[in-house]
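Input: a single structure, listed below in structure tokens.
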Amino acid sequence: MSPHQHHDPSIVAAIAVLTVSDTRTPETDRSGPAAMRLLEQASHRVFEYEILPDEPDRVRRRVEAWLDADGSDGVVLNGGTGISVRDRTFEA
């Protein structure tokens, strides 16, 4: 069974999408738009999208603000998964 076979179309979640990257821009980010496209294809609503550098405090503040926003049901993060000194998303 695919994940889409389990989705109840009457349930619509309001989701924010955050790309964590020191190098991506709106023009070069492919993961954020792909996540938004998949969410929207599953009948969810993307209420905000942003790209932030791999700075745990900034990532944490952004995620917390989105989760505290009225009508927010969740946040999807992507990026920040490389293996280097700068990759610290997991700390957030």
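The values are calculated or read from the model by the stated rules, or taken from the named source; none is laboratory data. All values derive from a computational prediction rather than experimental measurement. Here Cβ is always computed from backbone atoms with ideal geometry, including for glycine, and neighbour counts include all displayed protein chains. Ligands, DNA and RNA are excluded from the accessible area calculation, which covers all protein heavy atoms including side chains. Shrake-Rupley method; radii C 1.70, N 1.55, O 1.52, S 1.80 Å.
Structure above, values below:
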| quantity | calculated |
| --- | --- |
| Matching entry among S43, S72 (being open to solvent by less than 30 Å² (accessible area, probe 1.4 Å) and either closer than 26 Å to D8 by Cβ or part of a strand (DSSP E or B) (or both)) | S72 |
| Cross-chain or 6+ apart pairs with Cβ under 7 Å, region 41-70 first and within 12 Å of L18 (Cβ to Cβ), then of a type in the set (D, E) and in a helix (DSSP H, G or I) | V46/E40 |
| Odd one out for V17 among (1) aliphatic (A, V, I, L, M); (2) loosely packed, with under 15 Cβ neighbours inside 10 Å; (3) in contact with a helix residue (DSSP H, G or I) (Cβ under 8 Å, 6 or more places away or on another chain) | (2) |
| Subset of region 46-69 (residues that are among the hydroxyl-bearing types (S, T, Y) and either part of a helix (DSSP H, G or I) or open to solvent by less than 30 Å² (accessible area, probe 1.4 Å) (or both)) | none |
| Residue within region 20-31 that is modelled with pLDDT of 95 or more and in a helix (DSSP H, G or I) present | yes |
| Subset tally (residues that are at pLDDT 95 or above and touching a helix residue (DSSP H, G or I) at 6+ places or on another chain (Cβ under 6 Å)) for region 50-63 | 1 |
